[in-house]
Amino acid sequence: MQAAIDRVMQTYGLMVNLTPGQEAEAREKVSNFLKDKGGDEHNLAVEGLKYLLGHVPNPRRQSAHLSTASSSCCGS
């Protein structure tokens, strides 16, 4: 799990400018979040990064233009 935490912190550090204190706090938060999670290193890293970024899943939306494109395209 430590490798996943390191990956999260490396990626997060590229996205957000952190002071050393903020980095330590973020590392502790993500460590506590991931300690009861299962999965491989990649999935843990993705979940940890989503956690730090405050990701809230949104339902997928379909674009309106895709449903009407075939009926109005090319004079059909």
State whether the residues of segment 63-72 include one that is open to solvent by less than 70 Å² (accessible area, probe 1.4 Å), out of contact with any Lys or Arg (no Cβ under 6 Å at 6 or more places or on another chain) and either at pLDDT 65 or above or aromatic (F, W, Y) (or both). no
What pairs come up if the first residue lies in segment 16-37 and is crowded, with 16+ Cβ neighbours inside 10 Å, the second is part of a loop (DSSP other than H, G, I, E, B) and not β-branched (V, I, T), and their beta carbons are under 7 Å apart, counting only those six or more places apart or on different chains? A26/L18; L34/M1
Of all residues in segment 1-36, how many are among the basic types (K, R) and out of contact with any helix residue (DSSP H, G or I) (no Cβ under 6 Å at 6 or more places or on another chain)? 2
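The values are calculated or read from the model by the stated rules, or taken from the named source; none is laboratory data. Source: prediction; values computed, not measured. Cβ atoms come from the backbone with ideal geometry, glycine included; neighbour counts cover every protein chain shown. Note: areas computed on protein heavy atoms with side chains; ligands, DNA, RNA excluded. Shrake-Rupley method; radii C 1.70, N 1.55, O 1.52, S 1.80 Å.
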